[in-house]
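To start, the structure itself, in structure tokens.
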């Protein structure tokens, strides 16, 4: 039974042809990459199992030609096998052809030959940390094992792990290094700051203690989230600032720095997704853009009225009062120009956050917005668009 | 695996349906785009032979729903600090009050409401697509409708 109101709602949210095309291009690129990968796999398989068409024809036509072609095919297969075997031996064996290749040896917690463990670092300890330049894949694998081990979990990372650099984007606060591997159908990923190597989070990993039980109430869930938090190599003076309950089985805890009583920074934050029904944590994510508070003691903070005026709201309110449904102001922590990854500041600041909603929501782009005004200088340091 | 021409044909044919399903479940436009992409990549990897357009559509709806659920479970708002996640919700897509209300429904009601009131599918088919009993789907629709009504009453001044 169709409902006009619902149909209209979905029609209005239809993406433009540009979006449709962009998604198709992405699929197309991945499809091509996948096709190439499959071609490679199929070719390898044919070498081992399938008889080439020319050989089938030769068998029918000429026994001597068949003999020579068969012999040539056998030699080719043996050469390929030997070459693959030698390659694997070079990569994973005990005789690296280059000294640096030794670092590619698969790390393991129990391996007596493992390199000495580097202590896990938190952002608080990074000031004198060397940049990641020169740090190898095996360094990050080792760090991963160590972090999980310190948290009470022993894992084996298979040889098929992947290692890549993810570039800073509108939704990624910095360049990150991702180490990922498959385990039980899930992809586990561990993230590090690409610049200083600091641990930034884990996804896909089932963090469950052996004594995990269903949390009877909020207090037990809080305690369990805190236990996970305290096991991580992260800042340890954060407090639970927020717990969002998406479902009975997915609660998101944000442990944040309390800048002053009641004022938390979402940019110095450790997020943990908890399943209170099983006692598992599913995700750990660290946000870190430190607060820069360089005001002098004699600096007076802006009043709310001055902040509204600095953001241009007084004239707007007087002239267009009937167009605004509400304007609210509160103290917050933000990152200047945070919506623009190329200009985003690497420090956060205390600000006045002014949120306004328009009465008429026919504006398809914005039904309101947020302005951020520096708490001391009065400079407008950021904008956001609200639906 | 589907060949490229067939994949493109199915993409053009069912893009809007898959988009709507993903939009119903995911709040963030970029997550929606990712989920649409992932759904069609599943199609690329699978060897499913479809008997009809209805069959391919049903397969895509089912897959899109599963992709979204996986996405929700694994990565809920993980990429953005909380205040950004709140504000990021509809920068590029216009969401009216009705759709906002559908998206605010508990997960189990959303797909049923969409499939029944937009796609015009019978309860029997929705039951197969969502892998829920017909009576459960009827109850989801009843409860979803009641909740939707409340949400809409609250959102309209």
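The values are calculated or read from the model by the stated rules, or taken from the named source; none is laboratory data. Given the structure is predicted, the values throughout are model-derived calculations rather than measurements. Backbone-built Cβ (ideal geometry, glycine too); neighbour counts: all protein chains shown.
Here's the yes/no breakdown for (1) away from chain A (no Cβ under 12 Å); (2) modelled with pLDDT under 90; (3) buried (at least 17 other Cβ atoms within 10 Å of the Cβ):
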site	(1), (2), (3)
B:6	no, yes, no
B:14	no, no, yes
B:18	no, no, yes
B:22	no, no, yes
B:36	no, no, yes
B:50	yes, yes, no
B:55	yes, yes, no
B:60	yes, no, yes
B:66	yes, yes, no
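Would you confirm, using the coordinates I've provided, whether residue A:203 is in contact with a helix residue (DSSP H, G or I) (Cβ under 8 Å, 6 or more places away or on another chain) and within 11 Å of chain B (Cβ to nearest Cβ)?
Yes.
In the list B:138, B:145, which residue meets the criterion of being outside the structural domain of residue B:22 (by TED's automatic domain parsing), closer than 15 Å to residue A:1 by Cα and at pLDDT 90 or above?
Within the list B:138, B:145, the selection yields B:138.
So residue A:299 ticks every box in (1) assigned to a strand (DSSP E or B); (2) away from chain B (no Cβ under 14 Å) but one. Which box is left unticked?
(1)
Among the residues of region A:208-219, is there at least one that is within 30 Å of residue A:159 (Cα to Cα), assigned by TED's automatic domain parsing to the domain that holds residue A:146, touching a residue at least 60 places away in the same chain (Cβ under 8 Å) and outside any loop (DSSP other than H, G, I, E, B)?
Checking region A:208-219: not a single residue is within 30 Å of residue A:159 (Cα to Cα), assigned by TED's automatic domain parsing to the domain that holds residue A:146, touching a residue at least 60 places away in the same chain (Cβ under 8 Å) and outside any loop (DSSP other than H, G, I, E, B).
Could you please tell me which pairs satisfy a Cβ distance under 6 Å, a separation of 6+ or placement on different chains, a first residue in region A:1-29 that is facing chain B (nearest Cβ under 7 Å) and in a helix (DSSP H, G or I), and a second residue that is surrounded by 13 or more Cβ atoms within 10 Å (Cβ to Cβ) and modelled with pLDDT under 80?
Correct list of pairs: A:9/B:96; A:12/B:94; A:12/B:96.
For region B:111-132: of the residues being free of Cβ contacts under 8 Å to residues at least 12 places away in the same chain and facing another protein chain (nearest Cβ under 7 Å), which is nearest to residue A:3 (Cα to Cα)?
Residue satisfying both the conditions and the ranking: B:117.
Among (1) in contact with a strand residue (DSSP E or B) (Cβ under 6 Å, 6 or more places away or on another chain); (2) at pLDDT 75 or above, where does residue A:198 come up short?
All conditions pass for residue A:198, except number (1).
Mind listing whichever residues of region B:85-110 are over 17 Å from the mean Cα position of the chain (by Cα), under 27 Å from residue A:335 (Cβ atoms) and either at pLDDT 65 or above or within 7 Å of chain A (Cβ to nearest Cβ) (or both)?
Listed by number, the residues that qualify are B:87, B:91.
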